[in-house]
Amino acid sequence: MVAGVAGGIGRHLGLHPNIVRAGFIGLSFALGFGIVVYVLTWLLAPLEEATSTLRAPVRSIRMPTRSQALGIGLIVVGLVVVLWITGFWFGGDLGWPVVLAAIGFAILWARSTDDGRGRWTLSGLGTPFESVVKGQVSLPRIAIGSLLILAGMAVFLAANTSLAAAGNVLLAMIVAIGGAALLAGPWVWNMGRELVEERSSRVRSEARAEMAAHLHDSVLQTLALIQRAKAPREMASLARTQERELRAWLYGRAPELAGVRLRDAIDSMAGRIERQHQVSVEAVVVGDAEMDDRLRGLVNAAAEATANAARHSGTTTISVFVEVEEDTISAFVRDQGSGFDPDVVAGDRRGIADSIIGRMERRGGSAYIHSRAGTGTEVVLQLPRSAA
Amino acid sequence: MRARVFVVDDHELFRSGVRSELGGDLEIVGDAGSVEEAVPAIVQTEPDVVLLDVHMAGGGGRAVIDAVRAERPDVRFLALSVSDAAEDVIGVIRAGARGYVTKSISAEELSSAVQRIHDGDAVFSPRLAGFVLDAFGGEAPQPLDPELDLLSRREREVLRYIARGYTYKEVAHELHISVKTVETHVSAVLRKLQLSNRYELTRWAADRRLV
């Protein structure tokens, strides 16, 4: 009738607006309660898109958000508590001030979480007011809300000469409002913040997925083509390094994890050898484990074996396979290069003895080297899971 | 007999590269740059082997496999990808590809991989072998179908060698079995990978996506 509230509620509940209106009027006789509900509903309900310019905009009642439900609940509880404590349940000079204060409270807190609709335009009050309010979300609301609460107090004090009762009601109101603010304030604020955070993190991850798809289709493909195109060795190796780094980023393997998980440590080791020696290292890891001192030893020994293969085998591809099993962790470093006879390795080649075999044995593991001239080399490293 | 090959990849440069590299050993019967283009052309030309890019607009390699298999179940697929992401690789194998290689593979290796697919074998790169070991690793709490949900000890051994960078011939030599037997094991693993509904397989892929 006035602001389209009855129509909205009727639509929501599936009742004829007139029945709702009759309900409002009926309620209004009980200390104007119907009017209070009407106004509150008008304030809290979102404005429906008006399809016809001739009709007053109809406010549709949607299911209240949690903050709205809490706001309404607190207001009603506050009202009841105040009326009950003071024993003036039907006292006319108490009712209106409380209603004013409650509306002020509602204006202060309601809708403060929903930042989309938080731009409180007050379309019902007409454009001049709207233009003043527009652009400033919270200040007018605070001002109006506070004014209403103060007005409520003033009306009450003016109408009521009993200072004791005034004290009681003021105290009750302050307690109710203060408590509500304490309870709802941080929660409402948190909800707003969480909403903003969630939204921005979703935007970030969407942007990242989009960028990943794009990089995948362009840069990764190009890097693969460079490696295929019989490019000079340095260039192919550069492309491979870039590919590895990009892939690690795209698929979320952060370099800082290299010190934490075995899988990442092996990957980063392979990348390092690739860069240093311009070979390609195909690293395959099955299972995963938390890095510790013994595993670092294993990774270092594997790195030494891989670097040896890169330096001496004469091939450009080295396979690294690491498998984590229940009781053992094994690493295999293999090349299909020139090979050598491990028994006739010159004494100055300390790499194998110290960096590989010694390193493994100090940690309770073992290292074997299978190699024959012409068929390549395989270094097998094994480490029991627990230091027996 | 030279294998008749069809190339599907949305990168023109890659298609022309493969055409010129493989043209000698294999017969390239056509190529396509998109899913919509590829499906009718494959159905029409009936190639032996389709070289298939995993990542393409409109559903990628899986969409091509799904559409073609309904009409030409004999066409075999070798998946090519730059991604190396486990869910892509496992996904395209489970859709029906008989092998997976990375795009940086050399021309000779690619040619021999196509030939092996043509001969009815499966092509496992070390990385794919690693993925499979990972997927079938650990104890299945209650294998629904032991026939499909578990790898035999021998299959596991074969996969380990492949992951270590051994060729089928070298694996056969190490295990004192024939190359044909190695191929049989690999095909059995491929079948399990495609048909097993093992819980771990899906969970594992999902886990990898989150890592």
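The values are calculated or read from the model by the stated rules, or taken from the named source; none is laboratory data. These numbers were taken from a predicted model, which means no experiment stands behind them. Neighbour counts run over all protein chains shown; Cβ positions are idealised from the backbone, glycine included.
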- [ ] Return the total of residues in the range B:86-105 being among the aliphatic types (A, V, I, L, M), at the interface with chain A (Cβ under 10 Å from one of its Cβ atoms) and buried (at least 21 other Cβ atoms within 10 Å of the Cβ).
- [x] 1
TODO: Could you list, in sequence order, all residues of the range A:285-304 that are within 13 Å of another protein chain (Cβ to nearest Cβ) and over 32 Å from the mean Cα position of the chain (by Cα)?
DONE: A:A302
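From the residues in the range A:254-303 that are assigned to a loop (DSSP other than H, G, I, E, B) and of a type in the set (D, E, K, R), which one is nearest to A:A331 (Cα to Cα)?
Step one: list which residues in the range A:254-303 are assigned to a loop (DSSP other than H, G, I, E, B), which gives A:254, A:260, A:278-279, A:287-289, A:291-292.
Retained after the next criterion (residues that are of a type in the set (D, E, K, R)): A:288, A:292.
Working: A:D288: 12, A:D292: 16 Å.
Ranking the qualifying residues of the range A:254-303, first place goes to A:D288.
Can you tell me which residue among A:R141, A:R193 is in a helix (DSSP H, G or I), basic (K, R) and at pLDDT 75 or above?
Working: A:R141 fails: at pLDDT 75 or above.
Selected residue: A:R193, the only one of A:R141, A:R193 that is in a helix (DSSP H, G or I), basic (K, R) and at pLDDT 75 or above.
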Open item on the list: Quick check on the range B:4-19. Is at least one of its residues more than 14 Å from chain A (Cβ to nearest Cβ), aromatic (F, W, Y) and more than 12 Å from the chain's Cα centre (by Cα)?
Closed with: yes
Open item on the list: Among the residues in the range A:227-234, are any among the polar types (S, T, N, Q), in contact with a His (Cβ under 7 Å, 6 or more places away or on another chain) and surrounded by 16 or more Cβ atoms within 10 Å (Cβ to Cβ)?
Closed with: no
- [ ] Inspect all residues belonging to the range A:196-211 and state whether any of them is facing chain B (nearest Cβ under 9 Å) and either small (G, A, S) or under 17 Å from B:I105 (Cα atoms) (or both).
- [x] no
TODO: Considering every residue within the range A:305-313, establish whether at least one is more than 13 Å from chain B (Cβ to nearest Cβ), of a type in the set (K, R) and within 35 Å of the chain's Cα centre (by Cα).
DONE: no
Task: In the range A:218-230, the residues that are at negative phi and more than 7 Å from chain B (Cβ to nearest Cβ) - done: A:S218, A:V219, A:T222, A:L223, A:I226, A:A229
- [ ] Please give the number of the condition B:P73 fails out of (1) away from every other protein chain (no Cβ under 14 Å); (2) in contact (Cβ under 8 Å) with a residue 12 or more places away in the chain.
- [x] (2)
Task: Count - residues of the range B:156-182 that are in contact (Cβ under 8 Å) with a residue 12 or more places away in the chain, part of a helix (DSSP H, G or I) and crowded, with 19+ Cβ neighbours inside 10 Å - done: 9
- [ ] At least 2 residues that are over 23 Å from B:Y168 (Cα atoms) and among the charged types (D, E, K, R) in each: list the helices (runs of 4 or more DSSP H) lying fully within the range B:44-144 that qualify.
- [x] B:60-71, B:86-95
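Take the residues in the range B:183-204 that are aliphatic (A, V, I, L, M) and crowded, with 16+ Cβ neighbours inside 10 Å, then tell me which one is modelled with the lowest pLDDT.
This residue is B:L201.
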